[in-house]
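Following: one structure in structure tokens, then a few remarks.
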Amino acid sequence: MSDKPQPRPRDAYRHFLPITTRWMDNDVYGHVNNVVYYSYFDTVVNAYLIRAGVLDVEHGQTIGLVVETQCNYFAPLVFPQAVDAGLRVAKLGTSSVRYEIGLFAAGDAAPAAQGHFVHVYVDRGTRRPVALP
């Protein structure tokens with residue numbers, strides 16, 4: 001039995017954001033560097049929160065801090081390439097949310113990578129956890 005997670009299909013995700021890879025995303029091996037995938041995760045999560053009207057980047061009193069992140073890689077992404085970043089909410093806690101993300105080469109049914117972010121929502125000033133609305 002393998003411990004490697006199985007890729008979730010495109011239809012497992014409810015929200016999508018198109019992302020275009022950039023020249024600077026590639027590394028010496030000719031593909032998007034592993035650390036860049038986390039910036040794509042951050043982008044799709046925060047774009048979703050802004051669109052939903054629950055994140056005010058400049059003035060909001062509640063902000064989400066990443067306390068856990070993880071990624072599994074199944075296929076390379078390269079520059080130039082269109083990517084569809086899929087997002088779903090996997091778990092709601094009292095002050096935390098686990099977001100799961102799939103990164104798909106445009107049109108592909110299987111992800112090139114998938115992973116998660118856990119945000120703990122805190123008061124901007126005190127950095128103490130606050131209950132989700």
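No value in this document is a laboratory result; all are computed from the given coordinates. Here the structure is a predicted model, which means the values were calculated and not measured. Cβ placement follows ideal geometry from the backbone for every residue including glycine, while neighbour counts extend to all protein chains displayed.
Beta carbons within 10 angstrom, averaged per residue: use that to sort the peptides 114-124, 24-34, 74-84, highest first. Intermediate values should be presented prior to the final figure.
Working: 114-124: 18.7, 24-34: 14.0, 74-84: 16.0.
Going by the mean number of other Cβ atoms within 10 Å, highest first, we get 114-124, 74-84, 24-34.
Two decimals, Cα atoms only, Kirkwood Rh: what is Rg/Rh over segment 26-83?
Radius of gyration relative to Kirkwood radius: 1.07.
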Sum of side-chain charges, Phe117 neighbourhood, beta-carbon under 12 Å (Lys, Arg +1; Asp, Glu -1): 0
Please report Ile19, Ile50 as a ranked list, fewest other C-beta atoms within 10 angstrom at the top and most at the bottom. Ile50, Ile19
Difference of contour (0.36 nm per residue) and Cα-Cα distance, Leu55 to Ala131: 25.9 nm
Could you give the spread of the C-alpha atoms of segment 83-125 along their three principal axes, from largest to smallest, in whole angstroms? 41, 20, 11
Projected label distance in nm at Ser95 and Tyr29, using a 7 Å step from Cα toward the beta-carbon: 3.8 nm
Tell me, how many Å apart are the Cα centres for segment 73-133 and for segment 17-69? 8 Å
What share of Cα pairs, in percent, lie more than 26 angstrom apart in segment 1-116? 20 percent
Taking the simple approach of a point 7 Å from Cα along Cα-to-Cβ for both Leu65 and Arg8, what is their distance in nm? 2.6 nm
What angle do you read, to the nearest 10 degrees and between 0 and 90, between the alpha-carbon axis of helix 34-51 and the longest principal axis of the chain? 50 degrees
